[in-house]
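Chemist: My questions all concern the structure below.
The values are calculated or read from the model by the stated rules, or taken from the named source; none is laboratory data. Just so you know, these numbers come straight off a predicted model, no measurement behind them. Here the Cβ positions follow ideal geometry from the backbone for every residue, glycine too, while neighbour counts run over all protein chains shown. Remember, those area values only see protein heavy atoms, side chains included, never the ligands or the DNA or RNA. Shrake-Rupley method; radii C 1.70, N 1.55, O 1.52, S 1.80 Å.
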Amino acid sequence: MADQGKKREGEKAFGLVSAVMLGIGSMVGAGIFIVIGQAGAIAGNIVWLSFVFGGIAALLSGYSLARLALRYPSRGGIVEYLVQGFGEGVFSGSASVLFYFAGLIAIAAVAKSFGTYAATFFHGVHDPVMVNGFALGIVAFFTLVNLIGATFVARSENIIVAVKVSVLVVFAVAALFTVDPKNLSVAEMPPLRNMFFAIGLTFFAYQGFSVITNTVEDMDHPERTMLRAMVWAIVLVGILYILTAVAVLGNLPLEKVIQAKDYALAEAAKPIFGIWGFKVMAATALLATASAINASLYATAEISYTMAKEGNLPKVYSYNVFQSFEGLIISALLIVPLILLFDLSEVTTVAALGVLIVQGLTHVGHLMRIRETGAKGWAVAMAALAMFGIAGLTLVYTSRHDPMIGYYLLGAFALAFAVEIALRLATRRVVSRQIVDLFNFRKEP
(Lines give C-alpha, C1' and ligand atoms only; values in the text may rest on other atoms or scores of the structure.)
Protein backbone atom coordinates (compact mmCIF):
# COMPACT_ATOMS: atom_id res chain seq x y z
CA MET A 1 0.00 0.00 0.00
CA ALA A 2 2.85 2.35 0.85
CA ASP A 3 4.45 1.66 -2.54
CA GLN A 4 1.17 2.36 -4.30
CA GLY A 5 0.84 5.63 -2.41
CA LYS A 6 4.33 6.66 -3.48
CA LYS A 7 3.53 5.76 -7.07
CA ARG A 8 0.36 7.82 -7.09
CA GLU A 9 2.23 10.73 -5.54
CA GLY A 10 4.98 10.44 -8.19
CA GLU A 11 2.45 10.36 -11.00
CA LYS A 12 1.06 13.69 -9.85
CA ALA A 13 4.42 15.45 -9.57
CA PHE A 14 3.87 17.22 -12.90
CA GLY A 15 0.52 18.66 -13.82
CA LEU A 16 -0.22 20.76 -16.88
CA VAL A 17 1.01 24.07 -15.41
CA SER A 18 4.23 22.67 -13.94
CA ALA A 19 5.08 20.82 -17.17
CA VAL A 20 4.44 23.97 -19.23
CA MET A 21 6.65 26.02 -16.90
CA LEU A 22 9.41 23.42 -17.14
CA GLY A 23 9.27 23.60 -20.94
CA ILE A 24 9.30 27.40 -20.96
CA GLY A 25 12.25 27.52 -18.59
CA SER A 26 14.19 25.05 -20.75
CA MET A 27 13.48 26.86 -24.02
CA VAL A 28 13.94 30.46 -22.89
CA GLY A 29 17.60 30.00 -22.15
CA ALA A 30 20.75 30.65 -24.05
CA GLY A 31 19.22 30.06 -27.48
CA ILE A 32 17.41 33.37 -27.87
CA PHE A 33 20.46 35.34 -26.70
CA ILE A 34 22.62 33.55 -29.27
CA VAL A 35 20.43 33.42 -32.36
CA ILE A 36 18.37 36.62 -32.35
CA GLY A 37 21.22 38.67 -33.80
CA GLN A 38 22.58 35.96 -36.08
CA ALA A 39 19.14 35.14 -37.51
CA GLY A 40 18.33 38.85 -37.75
CA ALA A 41 21.51 39.44 -39.72
CA ILE A 42 20.21 36.91 -42.28
CA ALA A 43 16.45 37.59 -42.38
CA GLY A 44 16.46 41.28 -41.46
CA ASN A 45 13.18 42.81 -40.32
CA ILE A 46 11.17 39.69 -41.25
CA VAL A 47 13.11 37.47 -38.85
CA TRP A 48 9.91 37.30 -36.80
CA LEU A 49 8.51 35.12 -39.59
CA SER A 50 11.50 32.81 -39.18
CA PHE A 51 10.49 32.42 -35.53
CA VAL A 52 6.92 31.62 -36.62
CA PHE A 53 8.07 28.83 -38.92
CA GLY A 54 10.64 27.68 -36.36
CA GLY A 55 7.81 27.41 -33.84
CA ILE A 56 5.66 25.38 -36.27
CA ALA A 57 8.59 23.00 -36.80
CA ALA A 58 9.00 22.74 -33.02
CA LEU A 59 5.28 21.90 -32.63
CA LEU A 60 5.53 19.11 -35.21
CA SER A 61 8.70 17.74 -33.63
CA GLY A 62 7.23 18.08 -30.14
CA TYR A 63 4.15 16.09 -31.15
CA SER A 64 6.28 13.23 -32.48
CA LEU A 65 8.57 13.17 -29.42
CA ALA A 66 5.59 13.32 -27.05
CA ARG A 67 4.02 10.25 -28.64
CA LEU A 68 7.34 8.42 -28.49
CA ALA A 69 7.80 9.34 -24.83
CA LEU A 70 4.39 7.95 -23.94
CA ARG A 71 5.19 4.66 -25.65
CA TYR A 72 8.85 4.33 -24.66
CA PRO A 73 9.39 6.16 -21.34
CA SER A 74 13.16 6.05 -20.80
CA ARG A 75 16.01 8.21 -19.54
CA GLY A 76 17.71 7.43 -22.82
CA GLY A 77 15.34 9.87 -24.54
CA ILE A 78 16.12 10.41 -28.21
CA VAL A 79 18.74 7.64 -28.21
CA GLU A 80 16.05 5.22 -27.00
CA TYR A 81 13.67 6.38 -29.73
CA LEU A 82 16.36 5.90 -32.39
CA VAL A 83 17.07 2.36 -31.25
CA GLN A 84 13.37 1.54 -31.14
CA GLY A 85 12.98 2.85 -34.69
CA PHE A 86 16.11 1.50 -36.37
CA GLY A 87 17.01 -1.48 -34.18
CA GLU A 88 20.18 -2.31 -32.28
CA GLY A 89 22.54 -1.85 -35.22
CA VAL A 90 25.46 0.27 -36.38
CA PHE A 91 23.18 3.01 -37.70
CA SER A 92 21.37 3.63 -34.41
CA GLY A 93 24.66 3.30 -32.55
CA SER A 94 26.31 5.90 -34.78
CA ALA A 95 23.28 8.15 -34.33
CA SER A 96 23.63 7.89 -30.55
CA VAL A 97 27.29 8.96 -30.81
CA LEU A 98 26.29 11.80 -33.15
CA PHE A 99 23.63 12.87 -30.63
CA TYR A 100 26.36 13.02 -27.98
CA PHE A 101 28.58 15.11 -30.29
CA ALA A 102 25.66 17.45 -31.07
CA GLY A 103 25.22 18.01 -27.35
CA LEU A 104 28.89 18.91 -26.96
CA ILE A 105 28.71 21.35 -29.88
CA ALA A 106 25.60 22.96 -28.38
CA ILE A 107 27.40 23.45 -25.05
CA ALA A 108 30.35 24.98 -26.90
CA ALA A 109 27.97 27.40 -28.66
CA VAL A 110 26.44 28.45 -25.36
CA ALA A 111 29.89 28.84 -23.79
CA LYS A 112 31.03 31.04 -26.69
CA SER A 113 27.92 33.15 -26.22
CA PHE A 114 28.72 33.49 -22.52
CA GLY A 115 32.25 34.60 -23.43
CA THR A 116 30.92 37.16 -25.92
CA TYR A 117 28.48 38.74 -23.47
CA ALA A 118 31.06 38.65 -20.66
CA ALA A 119 33.58 40.43 -22.89
CA THR A 120 31.12 43.31 -23.47
CA PHE A 121 31.67 44.38 -19.86
CA PHE A 122 35.36 44.85 -20.63
CA HIS A 123 34.93 46.31 -24.14
CA GLY A 124 36.67 43.22 -25.47
CA VAL A 125 33.85 41.68 -27.49
CA HIS A 126 36.06 41.65 -30.59
CA ASP A 127 39.02 40.16 -28.71
CA PRO A 128 38.96 36.38 -29.36
CA VAL A 129 41.42 35.73 -26.53
CA MET A 130 39.10 37.36 -24.00
CA VAL A 131 35.96 35.72 -25.43
CA ASN A 132 37.56 32.27 -25.46
CA GLY A 133 39.02 32.82 -22.01
CA PHE A 134 35.60 33.51 -20.50
CA ALA A 135 34.08 30.59 -22.46
CA LEU A 136 36.70 28.13 -21.23
CA GLY A 137 36.45 29.52 -17.71
CA ILE A 138 32.69 28.96 -17.43
CA VAL A 139 32.96 25.38 -18.74
CA ALA A 140 35.76 24.66 -16.26
CA PHE A 141 33.76 26.21 -13.42
CA PHE A 142 30.63 24.14 -14.02
CA THR A 143 32.65 20.99 -14.64
CA LEU A 144 34.03 21.48 -11.13
CA VAL A 145 30.56 22.24 -9.78
CA ASN A 146 29.22 19.01 -11.28
CA LEU A 147 32.14 17.05 -9.87
CA ILE A 148 31.53 18.46 -6.42
CA GLY A 149 27.81 17.89 -6.79
CA ALA A 150 26.80 21.28 -5.44
CA THR A 151 23.02 21.39 -5.07
CA PHE A 152 22.66 25.13 -4.66
CA VAL A 153 22.92 25.68 -8.42
CA ALA A 154 20.05 23.28 -9.12
CA ARG A 155 17.94 24.85 -6.38
CA SER A 156 18.44 28.30 -7.85
CA GLU A 157 17.15 27.25 -11.29
CA ASN A 158 13.59 28.45 -10.63
CA ILE A 159 14.89 31.90 -9.71
CA ILE A 160 17.06 32.00 -12.84
CA VAL A 161 14.08 31.05 -15.04
CA ALA A 162 11.92 33.75 -13.46
CA VAL A 163 14.63 36.41 -13.94
CA LYS A 164 15.43 35.68 -17.58
CA VAL A 165 11.78 35.36 -18.64
CA SER A 166 10.82 38.54 -16.77
CA VAL A 167 13.66 40.57 -18.30
CA LEU A 168 12.75 39.42 -21.80
CA VAL A 169 9.05 40.16 -21.29
CA VAL A 170 9.74 43.66 -19.92
CA PHE A 171 12.17 44.38 -22.75
CA ALA A 172 9.84 43.09 -25.49
CA VAL A 173 6.80 45.01 -24.23
CA ALA A 174 8.70 48.26 -23.57
CA ALA A 175 10.51 48.07 -26.89
CA LEU A 176 7.26 47.90 -28.84
CA PHE A 177 6.57 51.51 -27.81
CA THR A 178 9.89 52.73 -29.23
CA VAL A 179 9.88 50.85 -32.53
CA ASP A 180 10.92 52.91 -35.53
CA PRO A 181 8.40 52.00 -38.30
CA LYS A 182 11.09 52.67 -40.91
CA ASN A 183 13.15 49.75 -39.62
CA LEU A 184 10.19 47.40 -40.20
CA SER A 185 9.10 48.85 -43.54
CA VAL A 186 8.82 46.80 -46.72
CA ALA A 187 11.57 48.96 -48.24
CA GLU A 188 14.00 47.55 -45.64
CA MET A 189 12.84 43.96 -46.19
CA PRO A 190 15.46 41.53 -47.53
CA PRO A 191 14.60 38.81 -50.09
CA LEU A 192 11.95 36.45 -48.74
CA ARG A 193 14.26 33.45 -49.19
CA ASN A 194 16.50 34.85 -46.44
CA MET A 195 13.64 34.33 -43.99
CA PHE A 196 13.64 30.60 -44.81
CA PHE A 197 17.42 30.42 -44.54
CA ALA A 198 17.20 31.72 -40.94
CA ILE A 199 14.69 29.10 -39.73
CA GLY A 200 17.45 26.66 -38.78
CA LEU A 201 18.83 29.15 -36.27
CA THR A 202 15.42 30.15 -34.92
CA PHE A 203 14.50 26.48 -34.40
CA PHE A 204 17.66 26.16 -32.31
CA ALA A 205 16.21 28.83 -29.99
CA TYR A 206 13.25 26.51 -29.28
CA GLN A 207 15.52 23.67 -28.23
CA GLY A 208 14.55 22.49 -24.77
CA PHE A 209 10.92 21.58 -25.46
CA SER A 210 11.88 17.89 -25.48
CA VAL A 211 12.58 18.08 -21.72
CA ILE A 212 8.82 17.87 -21.19
CA THR A 213 8.95 14.27 -22.40
CA ASN A 214 11.32 13.42 -19.54
CA THR A 215 8.49 14.02 -17.05
CA VAL A 216 6.24 11.31 -18.51
CA GLU A 217 6.67 8.91 -15.56
CA ASP A 218 5.94 11.68 -13.06
CA MET A 219 3.11 13.32 -14.99
CA ASP A 220 -0.50 13.37 -13.89
CA HIS A 221 -2.52 11.64 -16.65
CA PRO A 222 0.25 11.91 -19.28
CA GLU A 223 -2.03 10.83 -22.14
CA ARG A 224 -4.06 13.99 -21.59
CA THR A 225 -1.34 16.29 -20.27
CA MET A 226 1.79 15.59 -22.33
CA LEU A 227 0.71 16.99 -25.69
CA ARG A 228 -1.21 19.91 -24.17
CA ALA A 229 1.85 20.91 -22.13
CA MET A 230 4.07 20.66 -25.21
CA VAL A 231 1.74 22.85 -27.32
CA TRP A 232 1.18 25.49 -24.63
CA ALA A 233 4.90 25.78 -23.83
CA ILE A 234 5.96 26.15 -27.48
CA VAL A 235 3.17 28.59 -28.36
CA LEU A 236 3.86 30.85 -25.36
CA VAL A 237 7.59 30.85 -26.04
CA GLY A 238 6.92 31.50 -29.73
CA ILE A 239 4.89 34.61 -28.89
CA LEU A 240 7.71 35.89 -26.67
CA TYR A 241 10.30 35.23 -29.39
CA ILE A 242 8.24 36.95 -32.09
CA LEU A 243 7.75 40.03 -29.89
CA THR A 244 11.47 40.04 -29.07
CA ALA A 245 12.39 39.79 -32.77
CA VAL A 246 10.11 42.73 -33.64
CA ALA A 247 11.57 44.70 -30.73
CA VAL A 248 15.19 44.11 -31.77
CA LEU A 249 14.76 44.75 -35.50
CA GLY A 250 12.36 47.61 -34.86
CA ASN A 251 14.82 49.46 -32.63
CA LEU A 252 18.09 48.69 -34.41
CA PRO A 253 18.90 49.39 -38.06
CA LEU A 254 19.93 46.24 -39.89
CA GLU A 255 23.56 47.34 -40.17
CA LYS A 256 23.78 47.58 -36.37
CA VAL A 257 22.18 44.15 -35.98
CA ILE A 258 24.81 42.71 -38.33
CA GLN A 259 27.61 44.54 -36.52
CA ALA A 260 26.44 43.36 -33.08
CA LYS A 261 24.92 40.03 -34.15
CA ASP A 262 26.59 38.05 -31.34
CA TYR A 263 25.15 40.36 -28.66
CA ALA A 264 22.30 42.09 -30.55
CA LEU A 265 19.75 41.54 -27.79
CA ALA A 266 21.79 43.61 -25.35
CA GLU A 267 22.53 46.22 -28.01
CA ALA A 268 18.80 46.59 -28.75
CA ALA A 269 18.12 47.37 -25.08
CA LYS A 270 20.44 50.40 -25.20
CA PRO A 271 18.16 52.78 -27.18
CA ILE A 272 15.29 52.05 -24.77
CA PHE A 273 16.93 51.82 -21.35
CA GLY A 274 20.34 53.35 -22.01
CA ILE A 275 23.66 51.82 -21.02
CA TRP A 276 22.07 50.23 -17.96
CA GLY A 277 19.62 48.42 -20.23
CA PHE A 278 22.57 47.03 -22.16
CA LYS A 279 24.26 45.90 -18.95
CA VAL A 280 21.11 44.32 -17.49
CA MET A 281 20.42 42.41 -20.71
CA ALA A 282 24.04 41.31 -20.97
CA ALA A 283 23.96 40.18 -17.33
CA THR A 284 20.74 38.27 -17.99
CA ALA A 285 22.41 36.60 -20.96
CA LEU A 286 25.30 35.60 -18.71
CA LEU A 287 22.86 34.14 -16.20
CA ALA A 288 20.89 32.28 -18.88
CA THR A 289 23.95 30.87 -20.64
CA ALA A 290 25.62 29.86 -17.38
CA SER A 291 22.42 28.12 -16.30
CA ALA A 292 22.19 26.33 -19.66
CA ILE A 293 25.79 25.11 -19.43
CA ASN A 294 25.25 23.76 -15.93
CA ALA A 295 21.99 22.04 -16.90
CA SER A 296 23.44 20.57 -20.12
CA LEU A 297 26.73 19.28 -18.75
CA TYR A 298 25.18 16.46 -16.75
CA ALA A 299 22.71 15.36 -19.42
CA THR A 300 25.34 15.40 -22.17
CA ALA A 301 28.41 14.41 -20.25
CA GLU A 302 26.85 11.67 -18.19
CA ILE A 303 23.68 10.22 -19.70
CA SER A 304 24.53 10.73 -23.40
CA TYR A 305 28.15 9.68 -22.87
CA THR A 306 27.13 6.52 -21.03
CA MET A 307 24.54 5.62 -23.67
CA ALA A 308 27.09 6.16 -26.45
CA LYS A 309 29.88 4.25 -24.75
CA GLU A 310 28.13 1.49 -22.81
CA GLY A 311 25.01 1.08 -24.93
CA ASN A 312 22.61 1.26 -21.98
CA LEU A 313 21.91 2.88 -18.63
CA PRO A 314 21.67 1.10 -15.31
CA LYS A 315 18.07 0.60 -14.12
CA VAL A 316 18.76 3.00 -11.26
CA TYR A 317 21.00 5.63 -12.80
CA SER A 318 23.08 7.43 -10.18
CA TYR A 319 23.15 11.22 -10.21
CA ASN A 320 26.26 11.29 -8.04
CA VAL A 321 28.98 12.32 -10.46
CA PHE A 322 31.67 11.04 -8.10
CA GLN A 323 30.53 7.54 -9.06
CA SER A 324 30.70 8.26 -12.80
CA PHE A 325 32.98 11.20 -13.57
CA GLU A 326 34.66 9.79 -16.69
CA GLY A 327 32.03 11.18 -19.08
CA LEU A 328 32.14 14.61 -17.49
CA ILE A 329 35.92 14.96 -17.73
CA ILE A 330 36.16 13.64 -21.30
CA SER A 331 33.23 15.78 -22.45
CA ALA A 332 34.74 18.94 -20.94
CA LEU A 333 38.05 18.22 -22.68
CA LEU A 334 36.30 17.68 -26.03
CA ILE A 335 34.48 21.01 -25.70
CA VAL A 336 37.79 22.91 -25.41
CA PRO A 337 38.89 22.60 -29.09
CA LEU A 338 35.35 23.46 -30.24
CA ILE A 339 35.60 26.73 -28.34
CA LEU A 340 39.12 27.52 -29.55
CA LEU A 341 38.80 26.55 -33.22
CA PHE A 342 35.37 27.92 -34.18
CA ASP A 343 33.72 31.30 -33.94
CA LEU A 344 30.26 31.70 -32.41
CA SER A 345 28.43 31.75 -35.75
CA GLU A 346 30.11 28.53 -36.94
CA VAL A 347 29.61 26.55 -33.77
CA THR A 348 25.97 27.67 -33.47
CA THR A 349 25.23 26.68 -37.06
CA VAL A 350 26.86 23.26 -36.69
CA ALA A 351 24.98 22.70 -33.41
CA ALA A 352 21.67 23.68 -35.03
CA LEU A 353 22.34 21.35 -37.99
CA GLY A 354 23.27 18.48 -35.68
CA VAL A 355 20.08 18.87 -33.67
CA LEU A 356 17.92 19.10 -36.81
CA ILE A 357 19.41 15.97 -38.39
CA VAL A 358 19.27 13.85 -35.22
CA GLN A 359 15.65 14.85 -34.63
CA GLY A 360 14.84 14.21 -38.29
CA LEU A 361 16.25 10.69 -37.98
CA THR A 362 14.22 10.21 -34.80
CA HIS A 363 11.00 11.06 -36.64
CA VAL A 364 11.88 8.73 -39.53
CA GLY A 365 12.38 5.95 -36.97
CA HIS A 366 9.04 6.91 -35.43
CA LEU A 367 7.33 6.29 -38.78
CA MET A 368 8.54 2.69 -38.56
CA ARG A 369 6.78 2.31 -35.19
CA ILE A 370 3.73 4.42 -35.93
CA ARG A 371 1.27 1.62 -35.10
CA GLU A 372 2.78 1.16 -31.66
CA THR A 373 2.75 4.85 -30.74
CA GLY A 374 -0.69 5.58 -32.21
CA ALA A 375 0.57 8.90 -33.58
CA LYS A 376 -0.83 10.56 -36.71
CA GLY A 377 1.41 9.49 -39.56
CA TRP A 378 1.06 12.71 -41.52
CA ALA A 379 2.18 14.80 -38.52
CA VAL A 380 5.26 12.64 -37.89
CA ALA A 381 6.11 12.69 -41.62
CA MET A 382 5.77 16.49 -41.64
CA ALA A 383 8.08 16.66 -38.60
CA ALA A 384 10.74 14.63 -40.42
CA LEU A 385 10.39 16.69 -43.60
CA ALA A 386 10.58 19.92 -41.59
CA MET A 387 13.81 18.87 -39.85
CA PHE A 388 15.58 17.76 -43.03
CA GLY A 389 14.15 20.62 -45.09
CA ILE A 390 15.31 23.27 -42.61
CA ALA A 391 18.73 21.60 -42.34
CA GLY A 392 19.02 21.67 -46.15
CA LEU A 393 18.10 25.36 -46.35
CA THR A 394 20.61 26.18 -43.62
CA LEU A 395 23.35 24.30 -45.44
CA VAL A 396 22.57 26.01 -48.75
CA TYR A 397 22.85 29.47 -47.16
CA THR A 398 25.91 28.81 -45.03
CA SER A 399 27.78 27.10 -47.89
CA ARG A 400 27.79 30.44 -49.71
CA HIS A 401 29.36 32.30 -46.79
CA ASP A 402 31.29 29.54 -45.02
CA PRO A 403 31.70 26.44 -47.21
CA MET A 404 33.57 24.67 -44.39
CA ILE A 405 30.32 24.19 -42.43
CA GLY A 406 29.30 21.28 -44.66
CA TYR A 407 32.69 19.65 -44.19
CA TYR A 408 32.47 20.10 -40.41
CA LEU A 409 29.10 18.35 -40.46
CA LEU A 410 30.38 15.50 -42.64
CA GLY A 411 33.36 15.21 -40.31
CA ALA A 412 31.02 14.84 -37.32
CA PHE A 413 29.11 12.06 -39.13
CA ALA A 414 32.32 10.27 -40.11
CA LEU A 415 33.74 10.55 -36.60
CA ALA A 416 30.50 9.24 -35.05
CA PHE A 417 30.55 6.24 -37.40
CA ALA A 418 34.24 5.57 -36.70
CA VAL A 419 33.72 5.77 -32.92
CA GLU A 420 30.75 3.41 -33.16
CA ILE A 421 32.73 0.82 -35.15
CA ALA A 422 35.72 1.14 -32.80
CA LEU A 423 33.55 0.64 -29.71
CA ARG A 424 31.87 -2.41 -31.22
CA LEU A 425 35.19 -3.98 -32.17
CA ALA A 426 36.96 -3.13 -28.91
CA THR A 427 34.22 -3.76 -26.36
CA ARG A 428 31.49 -5.66 -28.28
CA ARG A 429 29.01 -3.14 -26.92
CA VAL A 430 25.62 -2.59 -28.57
CA VAL A 431 23.31 0.38 -27.97
CA SER A 432 20.34 -1.58 -26.69
CA ARG A 433 16.68 -0.87 -26.05
CA GLN A 434 15.79 0.26 -22.55
CA ILE A 435 12.08 -0.48 -23.03
CA VAL A 436 11.97 -4.10 -24.14
CA ASP A 437 8.38 -5.12 -23.44
CA LEU A 438 6.73 -2.94 -26.07
CA PHE A 439 3.23 -4.31 -25.71
CA ASN A 440 2.68 -4.08 -21.97
CA PHE A 441 2.63 -0.29 -21.83
CA ARG A 442 -0.82 0.63 -20.53
CA LYS A 443 -2.27 3.89 -21.73
CA GLU A 444 -4.21 6.14 -19.43
CA PRO A 445 -7.99 5.82 -19.99
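Chemist: So, taking all protein chains as they sit and a 1.4 Å probe, how much accessible area belongs to Thr362, in Å² rounded to tens?
Modeler: Here the accessible area works out near 0 Å².
Chemist: From the phi of every residue in the stretch 250-266, what ³J(HN,Hα) in whole Hz does the Karplus formula 6.51 cos²θ - 1.76 cosθ + 1.60 yield, where θ is phi - 60° and glycine or proline is x?
Modeler: x, 9, 10, x, 4, 4, 6, 4, 5, 5, 10, 4, 7, 9, 4, 5, 5
Chemist: Using r as the Cβ-Cβ distance of Ala418 and Phe177, and R0 as 45 Å, what FRET efficiency do you calculate, to the nearest 0.05? Walk me through the intermediate numbers first.
Modeler: On the way: r = 55 Å, r/R0 = 1.22.
That gives a FRET efficiency of 0.25.
Chemist: Given points 7 Å out from each Cα along the Cα-Cβ axis, report the Phe121 to Ala187 separation in nanometres with one decimal.
Modeler: That separation, rounded to one decimal, is 4.2 nm.
Chemist: Still on this structure, please answer the following. Evaluate E = 1/(1 + (r/R0)^6) for Arg400 and Val163, where r is the Cβ-Cβ distance and R0 equals 51 Å; express this FRET efficiency to the nearest 0.05.
Modeler: Computed FRET efficiency for Arg400 and Val163: 0.85.
Chemist: Order Trp232, Trp48, most accessible first, counting only protein heavy atoms with a 1.4 angstrom probe. Mind showing how you got there, number by number?
Modeler: Values: Trp232 140, Trp48 95 Å².
Per-residue accessible area, sorted high to low, gives Trp232, Trp48.
Chemist: Given the whole protein assembly as supplied and a 1.4 Å probe, what does the accessible area of Val170 come to in Å², nearest 10?
Modeler: 90 Å²
Chemist: Output the relative contact order of the stretch 34-164, whole-number percent, from Cα pairs under 8 angstrom with separation of 6+ residues.
Modeler: RCO, the stretch 34-164: 13 percent.
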